[in-house]
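Asks: Before I ask anything, here is the structure I am working with.
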Amino acid sequence: MRVEKKVEKYAKRRGWKVKARTEDGILYLEGEVPSYKEYVEIGRYAGKQKNVEGVVNRLKYKGKKEEKRKEGRNEIIGEADVVIIGGGVTGCMIARELSKYKLDIILVEKAEDVACGATKANNAMVHTGIGEKMGTLKQKLCVEGHKMYEELSKQLDFPYEKNGMWIILTKDSFADMPIPSFLGNFIARFIIPRIILRRAKKLGIPMYIVKRKELLKEEPNVTSRALVAVYSPTYGVTSPYLFTIALAENAIDNGVKIMLETEVVDMITEGGEVKEVVTDKGRIKARYVINAAGIYADKVAEMAEAREYTIHPKKGSTLIFDKDYGNYIKHSMTILKFPRTEHYKGGGAMLTLERNIQLGPTLMEVEDREDTSVKAAEIEQIFSHFSLLLPDLPRKGVIAYFAGLRAATFTEDFIIRRAKKVRNFIHVAGIQSPGLAAAPAVAKMVVGLLKESGLEMVEKEDFNPYRKANVVIRELSIEERKKMVEKDARYGKIVCRCEGVTEGEIVDAIHGKIGATNIDAIKRRTRAGMGRCQGSFCLPHVAKIISRETGIPLEKIKKNGNGSNLFVGKAKCLLEEKNEN
Amino acid sequence: MKTDVAVIGGGPAGLAAAMEAKKHAKVTLIERNEELGGILQQCIHHGFGNFIFGEALTGPEYAEHFIEALEGVDVLLNTTVLEIDKNKRMLLSGPDGVFEMEAKAIILAMGCRERTRTQIFIPGTRPAGVYTAGTAQRLINIEGVMPGKHIVILGSGDVGLIMARRLTLEGAKVEGVYEIMPKPGGLTRNIVQCLHDFDIPLHLSHTVVEIVGKKRLEGVFVAKVDKNFKPIEETKRFVPCDTLILAVGLIPENELTKKTGIELDSVTAGPVVDEGMETSMEGIFACGNVVHVHDLVDDVSLSAIIAGREAAKHANGEKTERRKIKVKAGENVRYVVPQIINGRDMEEITFYFRVKNEMRNVVTRLIVDGEVRKEKRELIVKPPEMVRLKVKGELVKNANSISIEVKKVA
């Protein structure tokens, strides 16, 4: 049966009016379904069909919000060989990769900083590729990207460690399957580890089986219901925002122009080509456009008349624990549970570089592309699910929680290709996990696509692959610390007591290549406010330092972007307001 | 650098400890902020010092009494203690450098910090406009900025009540104070003076169940809670506001204590101390909110005076008894400080404790070696209010078993 008919039949059986149409491998859905839930359901069904390269879901449903596009500004603000849309890890990695060539490059980002979307809200794992579906593009790029991290971290001076990962099978692994428990335990102990090892061998990922006894000796806080583990020594962890900032800074050094708080609102196309990218700050003439817009990639593609997919956000929420529990586990770990949830690795207890345990992420379809709220039910779900792994990890250890949105398409795999009908537009869409690990390989692939589409790429002789990070005082030896304070007394004054961040480091962040002029930007660069008091003590101090260094009045300092003002004015401002009325 | 007594923290506890210790020894006072006084400097309301000075002072006035008495004490500002080792050598970081300091005795007086929205698991987003009460107080009273216009306060402890009044006086509209417990957490005088006098509603058995807002807070969902403090779904309603103030408890700040390897009490979250405020590590003392969270600053100062005196004695080489008799928390007692009696020569010892449940018409009792040695009538005891029992030192000096209990008067 043809794909369109199959999808229409699926809908009809459920009483929904859906019309499906295929063009160039893209499946377009039109009609109406009762609610967002069904909208997602049929989109996913359509995405699973053979030879579908993308699903554009135009179905209506009750309560669907009509979008208003922001107004663009008319003046020309730039001209570039390549315009990259999106300053997440993917966009910045592409910018840095392309900066090796003699090209004029502009990267536009709607937020006030790079790394503000899914990049800042993922769990920092540099996956090896073992957890991905075999044969997918994302797996291929993940395996390749993972191998490039070591070199990159040396060049760009961002933190990266191979801390390793346990994949753990327990008596609960098959508890939800309709098979007797002895059989489930047998499969968990003897069959699954061997399947994993076989895959690892195929992918060239070093892994080995660890018996229960050894596992519990190494990780005494892991559940005693554990049966066996497969250990992956090369599993990596980085800081996704420090990595992205490093990429952006190095790209700037090599001539890339980064325009923050610049939102793409339209594109001017002519004869199957994008001519100009229209933003809320003005128009940019572009020879090539790369769409790395993450959660908004489908909207941006639509502006270029190259809509070949629809993004349906999948939220992931994560709990972060106090670093007091940093030695509670030695390595990151995950529990394998069957049946597997589709397109979800299952999360785990993941250690950050600073040895904060992260529990999560969850998986939840949400309609709102800005909904990064963590719900009470998600918190409970995390505790109940991961108590199967670490039954005694106490609730009181949690210091923060956050959510990020995965930019999933209905076909689920990465979509990295030239647009079907627009000659100079390249999709880098559907980038969800393992997008961080894959980013270096994604960028290489984009170089290939640009060459294919006719862009002449000549390597620069003077490309500088190196970038130096700002000093991190708490990581220095006492002797080095002493020297730093002698140089500048501000490296002696500790502003964030929980994380040991000094005034000097905050000042460095403010005057960095991408200057941090709000609380969250400082936090990502220095960790001030990331500890157990969550900024209660340091917020007033950090705000004052920003104000002093930038000249922005204290009462105008923001938490992050526009609209996030920390204060309503100077003290007494409300009384004065009242007097005037 | 060398000193006799190093005091870590220049808030109310550290000030009083330094003032006392300097009478007998060379003292260095180390403060991480740019001025002395700690939280007192932002507490511009009055009500401090009723016990010690017999008058109601403002926070800065109270601090000034001690700061004036510090002559001869070496004060290091903007300086943080990074580490303490077992030989009482400290590593300090400040504008003058990163340097070692050796002390004969150390007094821990780091105070406490506020619980955050995460520690009580309020779900939702992470917008601007969510502040702990102490931060909001600092913003207004010290930094001179206004945190918000329409305020919801969670927690009816004294800090929350004081902030309700303060924000109202600054022209903000306090939509209400929400308290998860069926009874208010703060002192009765504060309920009257801070809420009733300003017509601010107090919603008991209510809590904030979700924070809403993307960039700046747009409002909160509140709900009534059942007996087990679980929110009742049907009572959930939205309260628009741009600011949420959290006054949901304080935690002794013992990062340094823990790192040093000093024994902590799991109930108070502070170090275990004896009647001279000495911790499990010889020569390291602790006082004030780092030991347990106090209701009144006067009690903080009193505990600090003991610590200052005993630390100076230690620095001067005086030997003390170490009998290590545990003070048991008996009937309806959640914890007692001091937790240990070592048999020091002390004229008086005050036991500070909190009860588990509210009770009327009770006696609080000291029981030594199975006998009631001291009794005090109390009209009412309740968990938010600290109870004191002052006894003569000789009563417990040679005791082999000690406990404190609260009993209903027959």
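The values are calculated or read from the model by the stated rules, or taken from the named source; none is laboratory data. Keep in mind that what you see is a predicted model, and the values were worked out from it rather than measured. Neighbour counts run over all protein chains shown; Cβ positions are idealised from the backbone, glycine included. When the accessible area is computed, the model is the full protein with side chains, heavy atoms only, and any ligands, DNA or RNA have been set aside. Shrake-Rupley method; radii C 1.70, N 1.55, O 1.52, S 1.80 Å.
Asks: Restricting the first residue to segment A:357-379 and requiring it to be farther than 20 Å from A:Leu389 by Cβ and hydroxyl-bearing (Ser, Thr, Tyr), which pairs with a second residue that is part of a loop (DSSP other than H, G, I, E, B) and open to solvent by 30 Å² or more (accessible area, probe 1.4 Å) meet a Cβ separation below 8 Å and a spacing of at least six or different chains?
Replies: Sorted first by the residue in segment A:357-379, then by its partner, the pairs are A:Thr372/B:Arg126.
Asks: Counting only residues that are in contact (Cβ under 8 Å) with a residue 24 or more places away in the chain, over 16 Å from A:Ile519 (Cα atoms) and not in a strand (DSSP E or B), which one in segment B:137-154 is farthest from the other protein chains (Cβ to nearest Cβ)?
Replies: Only one residue tops the list, namely B:Gln137.
Asks: Check segment A:500-521 and report whether any residue there is at the interface with another protein chain (Cβ under 9 Å from one of its Cβ atoms), small (Gly, Ala, Ser) and surrounded by fewer than 18 Cβ atoms within 10 Å (Cβ to Cβ).
Replies: no
Asks: Mind listing just one residue for me: the one in segment B:167-189 that is closer than 20 Å to A:Phe567 by Cβ and surrounded by fewer than 22 Cβ atoms within 10 Å (Cβ to Cβ) and, of those, nearest to the other protein chains (Cβ to nearest Cβ)?
Replies: Start the filter on segment B:167-189 by keeping residues that are closer than 20 Å to A:Phe567 by Cβ, which leaves B:167-175.
Then keep just the ones that are surrounded by fewer than 22 Cβ atoms within 10 Å (Cβ to Cβ); that gives B:168-171, B:173, B:175.
Numbers: B:Thr168: 10, B:Leu169: 9, B:Glu170: 6, B:Gly171: 3, B:Lys173: 9, B:Glu175: 15 Å.
So the residue we want is B:Gly171.
Asks: Given the criterion open to solvent by 60 Å² or more (accessible area, probe 1.4 Å) and in contact (Cβ under 8 Å) with a residue 60 or more places away in the chain, identify the matching residue among B:Arg388, B:Arg377.
Replies: B:Arg388
Asks: Any residue that is among the hydrophobic types (A, V, I, L, M, F, W, C), more than 14 Å from every other protein chain (Cβ to nearest Cβ) and either within 29 Å of A:Val7 (Cα to Cα) or not in a loop (DSSP other than H, G, I, E, B) (or both) - is there at least one of those in segment A:394-409?
Replies: Yes, because at least one residue in segment A:394-409 is among the hydrophobic types (A, V, I, L, M, F, W, C), more than 14 Å from every other protein chain (Cβ to nearest Cβ) and either within 29 Å of A:Val7 (Cα to Cα) or not in a loop (DSSP other than H, G, I, E, B) (or both).
Asks: Can you work out which of the residues in segment A:109-167 that are hydroxyl-bearing (Ser, Thr, Tyr) and under 25 Å from A:Leu363 (Cβ atoms) is surrounded by the fewest Cβ atoms within 10 Å (Cβ to Cβ)? Write out each step before concluding.
Replies: As a first pass, look at segment A:109-167 and keep what is hydroxyl-bearing (Ser, Thr, Tyr): A:119, A:128, A:136, A:149, A:153, A:160.
Right, trim to under 25 Å from A:Leu363 (Cβ atoms) and you get A:119, A:128, A:136.
Numbers: A:Thr119: 25, A:Thr128: 28, A:Thr136: 14.
Among residues in segment A:109-167 that are hydroxyl-bearing (Ser, Thr, Tyr) and under 25 Å from A:Leu363 (Cβ atoms), the one surrounded by the fewest Cβ atoms within 10 Å (Cβ to Cβ) is A:Thr136.
Asks: Of the conditions (1) touching a Lys or Arg at 6+ places or on another chain (Cβ under 9 Å); (2) buried (at least 24 other Cβ atoms within 10 Å of the Cβ), B:Lys26 clears all except one; give me its number.
Replies: (2)
Asks: Only one of (1) touching a Lys or Arg at 6+ places or on another chain (Cβ under 7 Å); (2) in contact (Cβ under 8 Å) with a residue 40 or more places away in the chain; (3) of a type in the set (A, V, I, L, M) fails for A:Ala509. Which number is that?
Replies: The failed condition is (2).
To keep it simple, each residue is scored yes or no on (1) assigned by TED's automatic domain parsing to the domain that holds B:Ile284; (2) free of Cβ contacts under 8 Å to residues at least 24 places away in the same chain; (3) in contact with a Pro (Cβ under 9 Å, 6 or more places away or on another chain).
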position: B:Met1; (1), (2), (3): yes, no, no
position: B:Gly9; (1), (2), (3): yes, no, no
position: B:Ala13; (1), (2), (3): yes, no, no
position: B:Leu29; (1), (2), (3): yes, no, no
position: B:Glu34; (1), (2), (3): yes, no, no
position: B:Leu40; (1), (2), (3): yes, no, yes
position: B:Cys43; (1), (2), (3): yes, no, yes
position: B:Gly49; (1), (2), (3): yes, no, no
position: B:Leu57; (1), (2), (3): yes, yes, no
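Asks: Follow-up. Which residues, counting only those in segment A:482-496, are touching a strand residue (DSSP E or B) at 6+ places or on another chain (Cβ under 7 Å) and under 20 Å from B:Lys259 (Cα atoms)?
Replies: Within segment A:482-496, A:Ile494, A:Val495 qualify.
Asks: Working only within segment B:71-114, note down all residues that are farther than 19 Å from B:Thr257 by Cβ, open to solvent by less than 20 Å² (accessible area, probe 1.4 Å) and not β-branched (Val, Ile, Thr).
Replies: Within segment B:71-114, B:Gly94, B:Gly97 meet the criteria.
Asks: Now for a different question. Looking at A:Ile415, A:Ile399 in this structure, which one is of a type in the set (Val, Ile, Thr) and in the same structural domain as A:Ile130 (by TED's automatic domain parsing)?
Replies: A:Ile415
Asks: Further question on the same structure: Starting from residues that are more than 21 Å from B:Arg113 (Cα to Cα) and not hydroxyl-bearing (Ser, Thr, Tyr), keep the ones in segment A:524-544 and report whichever is nearest to the other protein chains (Cβ to nearest Cβ).
Replies: It comes out as A:Arg524.
Asks: Follow-up. Considering only residues that are farther than 22 Å from A:Leu319 by Cα and of a type in the set (D, E, K, R), which ones fall in segment A:525-565?
Replies: If the condition is that a residue be farther than 22 Å from A:Leu319 by Cα and of a type in the set (D, E, K, R), then A:Lys544, A:Arg548, A:Glu549, A:Glu555, A:Lys556, A:Lys558 are the ones that fit.
Asks: Here is a further query. Go through segment B:29-82 and give me each residue that's in a strand (DSSP E or B) and at positive phi. Before you say what the answer is, go through the steps one by one.
Replies: Of the residues in segment B:29-82, the ones in a strand (DSSP E or B) are B:29-30, B:46-48, B:57-58, B:74-76, B:80-82.
The answer is B:Gly47, and nothing else.
Asks: Taking segment A:511-527 as the region of interest, how many residues are hydrophobic (A, V, I, L, M, F, W, C) and in contact with a Gly (Cβ under 6 Å, 6 or more places away or on another chain)?
Replies: Final tally of qualifying residues: 0.
Asks: Okay, next question. Only one residue in B:Arg377, B:Arg354 is within 18 Å of B:Val267 (Cα to Cα) and modelled with pLDDT of 95 or more, so which one is that?
Replies: The unique qualifying residue is B:Arg354.
Asks: Could you please find all residues in segment B:223-248 being buried (at least 18 other Cβ atoms within 10 Å of the Cβ) and touching a Gly at 6+ places or on another chain (Cβ under 8 Å)?
Replies: Correct list: B:Cys241, B:Asp242, B:Thr243, B:Leu244, B:Ile245, B:Leu246, B:Ala247, B:Val248.
Asks: Now a separate question. Quick check on segment A:545-567: of everything there that is facing chain B (nearest Cβ under 7 Å) and part of a helix (DSSP H, G or I), which residue is surrounded by the fewest Cβ atoms within 10 Å (Cβ to Cβ)?
Replies: If we take residues in segment A:545-567 being facing chain B (nearest Cβ under 7 Å) and part of a helix (DSSP H, G or I), then A:Leu554 is surrounded by the fewest Cβ atoms within 10 Å (Cβ to Cβ).
Asks: While we're here: For segment A:174-182, indicate whether the set of residues that are open to solvent by 40 Å² or more (accessible area, probe 1.4 Å) and aromatic (Phe, Trp, Tyr) is non-empty.
Replies: Kept after step one, since they are open to solvent by 40 Å² or more (accessible area, probe 1.4 Å), are these residues of segment A:174-182: A:175-182.
Adding the requirement that they be aromatic (Phe, Trp, Tyr) leaves A:182.
Yes, segment A:174-182 has at least one match.
Asks: So if I check each of A:Lys9, A:Lys50, A:Lys17, A:Lys37, which one is over 21 Å from A:Thr411 (Cβ atoms) and either open to solvent by less than 60 Å² (accessible area, probe 1.4 Å) or not assigned by TED's automatic domain parsing to the domain that holds A:Lys281 (or both)?
Replies: On inspection, the qualifying residue turns out to be A:Lys17.
Asks: Which one of these is open to solvent by 10 Å² or more (accessible area, probe 1.4 Å) and over 30 Å from A:Glu499 (Cα atoms): A:Ile415, A:Ile431?
Replies: Going through A:Ile415, A:Ile431 in turn, the sole match is A:Ile431.
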